[in-house]
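The values are calculated or read from the model by the stated rules, or taken from the named source; none is laboratory data. These numbers come from a predicted model, not from an experiment. Cβ placement follows ideal geometry from the backbone for every residue including glycine, while neighbour counts extend to all protein chains displayed.
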Amino acid sequence: MGSIITRKSEETKSSTAGHGGEGPNISSRSAPHGTNKKEPDLESDKISSQEQVAGCWEEIDRQCERLEKKCYCPSADQTLQSDVTGWKTARIFVSSTFRDFHSEREVLVKKVFPELREWCEERKIHLVECDLRWGIPSDSTTAATIATCLEELDRCHSETEGKPFFLNLLGERYGWIPSLSDVPEAVQEKYLWVPNTSITCMEVLYGGYRTKNLNAAFFIREKDFLADLPEQCADAYYEKGVLPREHLKVLKENLNKRFPNQTFHYSCEVSLENEHGTRPKAKLTGLEDFATQVLYFYKNAIEKTFPNQRDIKTLPSDEYEDAMQKKYVEQKSEGLIGREEEVQVLLAYAKGGPYPADNTCGDFENPKDEESKSGIEGQSSDTETPILCICSQAGCGKTSLMAGLVQKASEEGLNVFYHFVGSSPYSNDHALLLYRLICKLEPDKESMDKIKGMKENETALVKHFEDLLLKLTNSEQPPLLIVIDGLDEFSHGLDWLPASFPSKIRCILATRRENLPTIARLKALRPKWWLLPGLTENAKSSYVEQYLKRYSKVLDSTQMKLLLANPLANCPLWLTIACEELRVFGNFKKITTKIQKFPDSLSGLLKQVITRLVEEDETNCMKKFLCLMKVSGTGLPEYALLSLLGNAAHGQPIPLMVWANVRRQLKPFLRCVSCNSAVERVVFFHKTFCEANCVLSKCKT
C-alpha cells in the first residue's frame, strides 16, 4: 500500500503534531534512563518546556517581522546565476534528523533525484542534491559541522536570490540542540541563531521559514507506523524528552500555518529485515506517493525559477567572452587593496595624460623617446602612442589593479576595451581577443559581415588588424583605452601585437616578470615600462586590520610589526594568504611563533598551506582533490569532482559533508569559471597556487 499525502486542515494538524511512543532523549533536561519521575515533576517539566519553546518562537516571530520590514536578503552573495552559458545549477538542500530518515533518503537518492536530474538536463539545468547527514569526518568539531551545513545552504541561497530549493523531512524527532558555547559567535550573528533550538530547526528557519520561501517544501511523516515498530527499534524514531517533543509539536504547527500549500503529510509502513545473528532492523516502505510528490513539487519550483530553459541558445564565442570578461572584472576589482594611488596614475594616462613617472632600472630601463620603435610603417611618432607595459612579480596585485582601472575608467565614461587572460576557458586564445578588439575598433559597421567571416581565420584577422590600425592613424577616431592583462598566459606568441597604437588609443598591458619569453618579446617592441610598486606601510597594516576584523580577530602591535616586517608583506597575495592562515590558527598563544615561521617567499607560504591542509585531513580527500586539480590543468566540474573523489570501484561519489569540508577549507583559493554550453568548472583563483602543488609528493598522508 502506498503512502497517502495530504494537506491537512488546521484542526487535524494541531491534533496530530508532536505525539508518539517512547524513544531516546537528547535533551539534557529529561530524566536519566530508568528514572521514574513523580507526576508533579512531569507537569512542571511540561510547563517549563512550553515556556522555553514559546520564548524561542517569540524571538523567531520578532526576527520575521524585522526582516520583512527590511526586505530581508540572506547573508550569502545575492547574484542570480548569470546567463553567460545558458546552463543553471539547482541545488536541493535536504534537511532532517539523521537516524530516522534512512528510508526516505534512500528513496530520494535512488528514485527521485535520478529522474529529476534527467528532467533538469533536458532543460540545461544541472541538479545537485545537498545531503550533509552522512559521511561526517570523525575529526569534525561541532562548530565546524554547524558552519559547514549552513554555509552549504548559503550556496543554495546565492544561486536563487535567497529562494533556495529546500527539502525538510520531519518525523517524531526534533534533533540535537547545541549549547551557545558550541556555536561560534560569527555563526550566531550571521545566521540569526535562536538559542535552545536544534540545528535542524535552524536549517528550517534559514532555508525558508523567515522569508516564506516558495521553493521550500516540508514533508511531515505521520506517526501511525510507530505502533508496528519493534520496541528495540523505536528509539531511533521517537523523542522521549519533554522539551524536544514540545519543540517538535510547535514547529509542525507553525509550518502548517505558515506554509499551507508547501507542507505535506505522508504515511508509511514498517518492514522488518532480519539478518542472521542480529536483531531485526526496521525499514520504512510504502513511500511511493512521497516520492511522487517530492518530484512534482521540485519540477514546478525549478521550472518557475529557471523558466524557458529549453529555448536558451548557446552564445556566440565573442558574446560569451564579453560576458565572462565583465563578470571577472567585477570580481577582481572587489579585491583591490591599497592601490588607489596607482589607479589614479593610470587613469590620468588613460585620459591622455603623460606616462607614469619612470620607476624602471636595470633590465627594464625605458627607451628614450627618440628611440621608440614605430609599429605602423611610415607613420611619425607624433601620431603614435607606444604601449605602456606594467610588470610585477606574481601575487603583487596587477590583475586587481587592472580590473580596478577598468572599473574606474568605465564609471567615468571612458571608452574601454579589456581582456583578462584566465577569466574564461578560452581567454588565452589571442585570435578570439583580436576578433573582439577588431569589432571594437572598426568604424565601418557595414564591414562587420566580412569580419565575422574571418572569425576562425587567424592570419586574416592579423592582416585586418594591421590595416585597421593604419586606417585609424590617418583618421579622426574617438579616444579608446585598451587594457590586456596576463600576456604571459597566452597559448601562442605575441607576433600580432604592434609596438604602438594611433595617438588617441592608449594601450596598457600587464605581465608577470618571471615569464622570460614574454618579457623578451615585449622588449623587442620597445614599450614604456612601469614596475608595479609594493604596498605602502599604511596600506599593508590597514588591509591586515580589515581582513581580520571580519572574523573578530586582531593582532597586537608587536605581532603586526612582525608580520609586516616580512620581505613579502608588500605582496598582496602573500599578505592575503598569511592573514587567512592566522584566521584559522587555533592557538592564539602561539600566534607570534606562527608569524615568525611564515616563509619569505610566495611559493614557500603556499607550500606550507598545502602541507597543512593535507596533513590535517583524515579522509585523504584533500590530497586527492589537489592532485586532480593539478593534472586537469583547466579545472573540473563539481559533479565530476564528486565522482572522482568517491569510491570509483563501487560507483559511489564522495560524501557531500566531506566534499563540503574540503571546499570550505580551500574557499579562499578557488573560483568557478563557466564554460559556454556547459556547467562551470572549479579552478584555482591564482596560477601560483597551481605551481605550488608540486609539494604534494612530499606530504604525509
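Descriptive notes on the structure:
Quick grid of which residues meet (1) over 24 Å from the mean Cα position of the chain (by Cα); (2) over 17 Å from Ser392 (Cα atoms); (3) not assigned by TED's automatic domain parsing to the domain that holds Phe669:
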{"residue": "Asn566", "(1), (2), (3)": "yes, yes, yes"}
{"residue": "Cys579", "(1), (2), (3)": "no, yes, yes"}
{"residue": "Phe585", "(1), (2), (3)": "no, yes, yes"}
{"residue": "Gln608", "(1), (2), (3)": "no, yes, no"}
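- Residues that are assigned to a loop (DSSP other than H, G, I, E, B) and of a type in the set (A, V, I, L, M) do not occur anywhere in segment 568-580.
- From Ala431, Ala394, residue being touching a Leu at 6+ places or on another chain (Cβ under 9 Å), within 30 Å of Pro567 (Cβ to Cβ) and surrounded by fewer than 22 Cβ atoms within 10 Å (Cβ to Cβ): Ala394
- Residues (within 22 Å of Lys88 (Cα to Cα), part of a loop (DSSP other than H, G, I, E, B) and at pLDDT 70 or above) located in segment 655-701: Phe685
- Hits in segment 118-128 (condition: part of a helix (DSSP H, G or I) and surrounded by 17 or more Cβ atoms within 10 Å (Cβ to Cβ)): Cys120
- Scan segment 516-546 for residues that are crowded, with 16+ Cβ neighbours inside 10 Å and closer than 30 Å to Asn566 by Cβ and the total you get is 13.
- Residue that is farthest from Tyr206 (Cα to Cα) [pool: residues in segment 142-163 that are assigned to a loop (DSSP other than H, G, I, E, B) and either touching a strand residue (DSSP E or B) at 6+ places or on another chain (Cβ under 6 Å) or among the acidic types (Asp, Glu) (or both)]: Glu159
- Among the candidates Val554, Val544, residue that is outside the structural domain of Gly397 (by TED's automatic domain parsing) and part of a loop (DSSP other than H, G, I, E, B): Val554
- Counting only helices (runs of 4 or more DSSP H) that sit completely within segment 400-476, those holding 1 or more residues that are touching an Asp or Glu at 6+ places or on another chain (Cβ under 6 Å) correspond to 430-441.
- Look at (1) in contact (Cβ under 8 Å) with a residue 40 or more places away in the chain; (2) out of contact with any helix residue (DSSP H, G or I) (no Cβ under 7 Å at 6 or more places or on another chain); (3) more than 14 Å from Asp318 (Cβ to Cβ) and you find that His430 fails only one, number (3).
- In this structure, Lys212 does not qualify as out of contact with any helix residue (DSSP H, G or I) (no Cβ under 9 Å at 6 or more places or on another chain) and not in a helix (DSSP H, G or I).
- Odd one out for Glu370, checked against (1) modelled with pLDDT of 85 or more; (2) in a helix (DSSP H, G or I); (3) surrounded by fewer than 18 Cβ atoms within 10 Å (Cβ to Cβ): (1)
- Total residues in segment 245-291, condition in a strand (DSSP E or B), modelled with pLDDT under 90 and surrounded by fewer than 19 Cβ atoms within 10 Å (Cβ to Cβ): 5
- Looking across segment 609-628, the residues that are part of a helix (DSSP H, G or I) and crowded, with 18+ Cβ neighbours inside 10 Å come down to Val609, Ile610, Leu613, Val614, Cys621, Met622, Lys623, Lys624, Phe625, Leu626.
So that you can scan it fast, the table gives a plain yes or no per residue for (1) assigned by TED's automatic domain parsing to the domain that holds Phe93; (2) charged (D, E, K, R); (3) within 21 Å of Val94 (Cα to Cα):
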| site | (1), (2), (3) |
| --- | --- |
| Asp182 | yes, yes, no |
| Met202 | yes, no, yes |
| Arg210 | yes, yes, yes |
| Asn213 | yes, no, yes |
| Asp224 | yes, yes, no |
| Asp235 | yes, yes, no |
